[in-house]
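**Student:** Sharing a structure here in structure tokens format.
The values are calculated or read from the model by the stated rules, or taken from the named source; none is laboratory data. Given the structure is predicted, the values throughout are model-derived calculations rather than measurements. Here Cβ is always computed from backbone atoms with ideal geometry, including for glycine, and neighbour counts include all displayed protein chains.
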């Protein structure tokens, strides 16, 4: 059987039609449901109607990204289920075409859906971030403050701060320590500090700088009215961490955010699982296709209700299982990577068993 023959074109056409309808339609329904549930609350909170509608429109790519694997599953199951109801599967097998050859074009499209889902997730993050701003769900960064925290900068300097006001670029009672070197270790203590945005650094006021020699332990102390150091370049935004959602951050932004949380001594919680999930969910496009294909032909004469039940049931189990494993990983009972990839591994294992047992 030649590649992209009549049968392949027929299967691809049926698959793409169902995939397009489900991938565009199901997210639209989800967004409309959220709009109907939240419009009144947002209007009562004095959010302009235009911003409400635009915000929910910006949620659409995010819903598409989340339900992309479900679209692949629906397309695979309904294509094979429809062929079974119309005896096309029997005709294909009678023509000497195996089940594995029949589903090859669908698996090829499911594989192409992986990078497409990944790219859509990156685009959707921008929309979700903007939606939270329009709906007043995101705090103004300039209004953020933080008290009694530590921070380790990428250059090795450690900070202990009594209070930070990001909007003013103000620190109260900072204590800053340099990494060890051949000369020793500097400790800077000041009454306050101000961020100089023009020159990109902190200016310390009314304090003392102490040098402790590593070898002899000798101390050298200098007092100052103002002090500027080329090592104190951490932007106020790096010292305060507004709790952000993984959905509003692209992969590089999420990775940098997790690194910043670690250096400020905060536990990432479920955000640690969200990073590998940004890779695991797109791969689920291929996994659910492998899983759904043999299930769709278990009863070739069954009606469309069986296909719908398989697709909805699989989607529900996958999403619920992912949330459960995400919670377990967020509590650090298992590693974030294991939590993120566990459902893919489970569905893939079952898919292999089903594919081996299917009558080809």
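**Student:** Any residue in segment 236-261 that is over 11 Å from residue 166 (Cβ atoms) sitting within a Cβ distance under 7 Å of a residue that is modelled with pLDDT under 75? List the pairs, counting only those 6 or more apart or interchain.
**Tutor:** Note: pairs meeting the criteria are 257/244; 260/238; 260/241; 261/241.
**Student:** Looking at segment 48-62, which of the residues that are under 27 Å from residue 114 (Cβ atoms) and crowded, with 21+ Cβ neighbours inside 10 Å is farthest from the chain's Cα centre (by Cα)? Break it down into steps so the answer makes sense when it comes.
**Tutor:** So in segment 48-62, the residues under 27 Å from residue 114 (Cβ atoms) come out as 57-62.
Adding the requirement that they be crowded, with 21+ Cβ neighbours inside 10 Å leaves 58-59, 62.
Details: 58: 16, 59: 14, 62: 10 Å.
My answer is 58.
**Student:** Would you call residue 147 out of contact with any helix residue (DSSP H, G or I) (no Cβ under 9 Å at 6 or more places or on another chain) and either in contact (Cβ under 8 Å) with a residue 12 or more places away in the chain or closer than 21 Å to residue 317 by Cβ (or both)? Even if it seems obvious, please write down each step before you answer.
**Tutor:** Numbers: out of contact with any helix residue (DSSP H, G or I) (no Cβ under 9 Å at 6 or more places or on another chain): yes; either in contact (Cβ under 8 Å) with a residue 12 or more places away in the chain or closer than 21 Å to residue 317 by Cβ (or both): yes.
Yes; evaluated as a whole, the condition is true for this residue.
**Student:** How many of the residues in segment 39-56 are touching a residue at least 24 places away in the same chain (Cβ under 8 Å) and in a helix (DSSP H, G or I)?
**Tutor:** Start the filter on segment 39-56 by keeping residues that are touching a residue at least 24 places away in the same chain (Cβ under 8 Å), which leaves 42, 45, 47, 51-52, 54-56.
Those still in the list that are in a helix (DSSP H, G or I) too: 42, 51-52, 54-56.
Residues flagged as touching a residue at least 24 places away in the same chain (Cβ under 8 Å) and in a helix (DSSP H, G or I) within segment 39-56 amount to 6.
**Student:** Still on this structure, please answer the following. Give 104, 65, 45 a once-over and let me know the one that is more than 26 Å from residue 359 (Cβ to Cβ), surrounded by fewer than 18 Cβ atoms within 10 Å (Cβ to Cβ) and assigned by TED's automatic domain parsing to the domain that holds residue 284. If you could, list the steps in order and put the result at the bottom.
**Tutor:** On the way: 104 fails: more than 26 Å from residue 359 (Cβ to Cβ); 65 fails: surrounded by fewer than 18 Cβ atoms within 10 Å (Cβ to Cβ).
Exactly one of 104, 65, 45 is more than 26 Å from residue 359 (Cβ to Cβ), surrounded by fewer than 18 Cβ atoms within 10 Å (Cβ to Cβ) and assigned by TED's automatic domain parsing to the domain that holds residue 284, namely 45.
**Student:** Still on this model: Filtering segment 246-260 down to residues that are out of contact with any helix residue (DSSP H, G or I) (no Cβ under 7 Å at 6 or more places or on another chain) and surrounded by fewer than 18 Cβ atoms within 10 Å (Cβ to Cβ), which residue is modelled with the highest pLDDT? Write out each step before concluding.
**Tutor:** So the first thing to find is which residues in segment 246-260 are out of contact with any helix residue (DSSP H, G or I) (no Cβ under 7 Å at 6 or more places or on another chain), and the list is 252-253, 256-257, 259.
Keeping just the survivors that are surrounded by fewer than 18 Cβ atoms within 10 Å (Cβ to Cβ) gives 252-253, 256, 259.
Numbers: 252: 90, 253: 85, 256: 83, 259: 82.
Looking at residues that are out of contact with any helix residue (DSSP H, G or I) (no Cβ under 7 Å at 6 or more places or on another chain) and surrounded by fewer than 18 Cβ atoms within 10 Å (Cβ to Cβ), I get 252.
**Student:** Please go through (1) at pLDDT below 85; (2) part of a helix (DSSP H, G or I); (3) surrounded by fewer than 18 Cβ atoms within 10 Å (Cβ to Cβ) for residue 83 and return the number of the only condition it doesn't satisfy.
**Tutor:** The failed condition is (3).
**Student:** Let me ask something additional. Considering only residues of segment 333-350 that are over 14 Å from residue 287 (Cα atoms) and free of Cβ contacts under 8 Å to residues at least 40 places away in the same chain, which is surrounded by the most Cβ atoms within 10 Å (Cβ to Cβ)?
**Tutor:** Filtering segment 333-350 for residues that are over 14 Å from residue 287 (Cα atoms) and free of Cβ contacts under 8 Å to residues at least 40 places away in the same chain, the one surrounded by the most Cβ atoms within 10 Å (Cβ to Cβ) comes out as 338.
**Student:** Which condition number in (1) part of a helix (DSSP H, G or I); (2) modelled with pLDDT of 85 or more is the one that residue 91 fails?
**Tutor:** So the condition that residue 91 fails would be (2).
**Student:** Let me ask another. Among the residues of segment 321-360, write down those that are more than 30 Å from residue 89 (Cβ to Cβ), part of a loop (DSSP other than H, G, I, E, B), modelled with pLDDT under 90 and in contact with a helix residue (DSSP H, G or I) (Cβ under 9 Å, 6 or more places away or on another chain).
**Tutor:** Once the filter is applied, which keeps residues that are more than 30 Å from residue 89 (Cβ to Cβ), part of a loop (DSSP other than H, G, I, E, B), modelled with pLDDT under 90 and in contact with a helix residue (DSSP H, G or I) (Cβ under 9 Å, 6 or more places away or on another chain), segment 321-360 yields 332, 333.
**Student:** Looking only at segment 193-206, decide whether some residue is touching a helix residue (DSSP H, G or I) at 6+ places or on another chain (Cβ under 8 Å), closer than 22 Å to residue 226 by Cα and either assigned by TED's automatic domain parsing to the domain that holds residue 234 or in a loop (DSSP other than H, G, I, E, B) (or both).
**Tutor:** Yes - at least one qualifying residue is present in segment 193-206.
**Student:** Determine which member of the set 184, 207 is at pLDDT 90 or above, surrounded by 14 or more Cβ atoms within 10 Å (Cβ to Cβ) and over 39 Å from the mean Cα position of the chain (by Cα).
**Tutor:** Numbers: 184 fails: at pLDDT 90 or above.
So the residue among 184, 207 that is at pLDDT 90 or above, surrounded by 14 or more Cβ atoms within 10 Å (Cβ to Cβ) and over 39 Å from the mean Cα position of the chain (by Cα) is 207.
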